[in-house]
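Down below is the structure, laid out as structure tokens.
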Amino acid sequence: MNQYLLLTPGPLTTSPTVKDAMQKDWCTWDDDYNKHVVQEIRQKLVKLATKSDDYTSVLMQGSGTSSVESVIGSLIKPKDKLLVIDNGAYGKRIAQIAQYLNIEHTLLTFKETQSPDLLQIQNVLEQDNTITHVAMVHCETTTGILNPVASIAELVKSYNKTFILDAMSSFGGIDMDVNDLGIDILISSANKCIQGVPGFGFIILKKDIIENSKGIARSLSLDLYDQWHTMEQHNGKWRFTSPTHVVRAFYQALLELEQEGGITARQLRYSKNQSLLISGMESLGFNCLISPEYQSPIINCFYSPVHPDYDFSTFYHSLKQQGFVIYPGKVSDADCFRIGNIGEVYPEDISRLIGVISKSCYWLN
């Protein structure tokens, strides 16, 4: 068993009780699993997302990207057109999915360190009335930037477009009401801020959208309508083999989110982690890639030290030996690395990390 904390954007460190929930085997046909685990998860997810009764949820096997592809391939009709707002690797991935599926789309790209510009988005919507859907990543873990979902959603809805939010790394860690914001479709994953383990994603969306999407899907396995319809008609039954152990662990993670005080309390803990991390790293001479006003409480990106003795691999393995795993950088034009704040991680863990890093900064001595 590993003895280190995963300071990453997911998979992340989970609680002992979430791990323990995977020790029991479950039958995919049994009501104890479908009716009392899967259906309760679906209900709890909607309640976390909104106070509105206009939404439903559906679970989908695979990685978070599988759920994104399920949405893009199952809800966008052949004559529809998608606008993708991109300022990182995961925005580009949405466009890549559209390209693979031969879905007409426009990619509006901003710098990885730049918040999307509302005027540029408006110009595209104004000039191209064939656009029917707009997709954006909420927290781009490429850099840790948090995109302005409220203002962009308001703009998108003013043009009467369907708004798709990839909230993979933010849902459960940042408080929001999808109905109040005007988010039609939200996508996230089990192994992020809910603090479960990898194996499935989920989609929270307006009922009328999923009800009117029969026959659109370009994939059998990722047919979102058919998955939703089966779960609705058969008390939570999945069409194909369900990742039972992962689902049960996620149910436990949802209970622990409630015990912590809900999303508001979890966001506060993550924010404390982030504030402590930033102040500690800056005191050691590290510089943040993202300006504070755009920084999410999910993950932070730091410039690599400009010193001939610094080597990320050596730094990484030194921290791992002392109980912490960090993330390499993914920014195209900056040498950097990333440290996450989410998961079963608390301020005292961040304080320990800063102490370890201060002793590991051999290039500063």
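In degrees between 0 and 90, to the nearest 10, how far off the longest principal axis of the chain does helix 262-283 point, with axes built from Cα atoms? The answer is roughly 30 degrees.
The protection proxy used here, the mean number of other Cβ atoms lying within 10 Å of each residue, ranks peptides 120-130, 246-256 as follows, highest first: 246-256, 120-130. Largest mean-square fluctuation among 41, 183, 209, in a Gaussian network model of the chain whose springs join Cα atoms under 10 Å apart, belongs to 209. 3J(HN,Hα) along segment 344-349, derived from phi through the Karplus expression 6.51 cos²θ - 1.76 cosθ + 1.60 where θ = phi - 60°, amounts to 7, 10, 10, x, 5, 5 Hz, with x in place of Gly and Pro. If you fit an axis through the alpha-carbon atoms of helix 118-127 and take the longest principal axis of the Cα set of the chain, what angle between them do you get, 0 to 90°, nearest 10? Between the helix axis and the principal axis of the chain, the angle is about 30 degrees. Placing +1 on the Cβ of each Lys and Arg and -1 on the Cβ of each Asp and Glu in the chain, which of 132, 343, 11 has its Cα farthest towards the positive end of the resulting dipole? Farthest along the dipole direction, towards plus: 11.
Under the rule a/c < 1.5 gives rounded, and otherwise a/b versus b/c splits prolate from oblate, where does segment 294-362 land using the Cα gyration tensor? In terms of gyration-tensor shape, oblate. Each Lys and Arg Cβ is given +1 and each Asp and Glu Cβ -1; about its Cα centre, segment 236-365 then shows a dipole of about 520 debye. A Förster radius of 30 Å combined with the Cβ-Cβ distance from residue 358 to residue 51 puts the calculated FRET efficiency at roughly 0.10.
Just add up the charged neighbours of residue 115: K/R +1, D/E -1, any other residue whose Cβ is under 12 Å from the Cβ of residue 115. Surrounding charge for residue 115 is -3. When each of 293, 211 is scored by the number of other beta-carbon atoms lying within 10 Å, the sequence from fewest to most is 293, 211. Can you tell me the orientation of helix 39-49 relative to the chain, as the angle in degrees between its alpha-carbon axis and the longest Cα principal axis, to the nearest 10? It is inclined by approximately 70 degrees. When the square roots of the Cα gyration tensor eigenvalues are ordered a ≥ b ≥ c, the ratio a/c for segment 73-179 is under 1.5, which makes its shape rounded. For segment 163-178, putting each phi into the Karplus relation 6.51 cos²θ - 1.76 cosθ + 1.60 with θ = phi - 60° gives couplings of 9, 10, 10, 7, 9, 3, 9, 10, 5, x, x, 9, 6, 6, 10, 5 Hz, in residue order, rounded to whole numbers and with x for Gly and Pro. Among 238, 29, 228, a tally of other beta-carbon atoms within 10 Å of each Cβ gives an order, fewest to most, of 29, 238, 228. Bridgeable lysines around residue 359 (alpha carbons under 26 Å apart, same-chain partners fewer than 8 residues away excluded): 272, 320, 330. Per residue, the average separation of C-alpha pairs within less than 8 Å and at least 6 apart gives segment 295-365 a relative contact order of 39 percent.
The numbers here are math on the coordinates, done by the rules we state, and not lab data. None of these values were measured; they are calculated from a predicted model. Quick reminder, even Gly has a Cβ in these numbers, built from the backbone with ideal geometry, and neighbours come from all protein chains shown.
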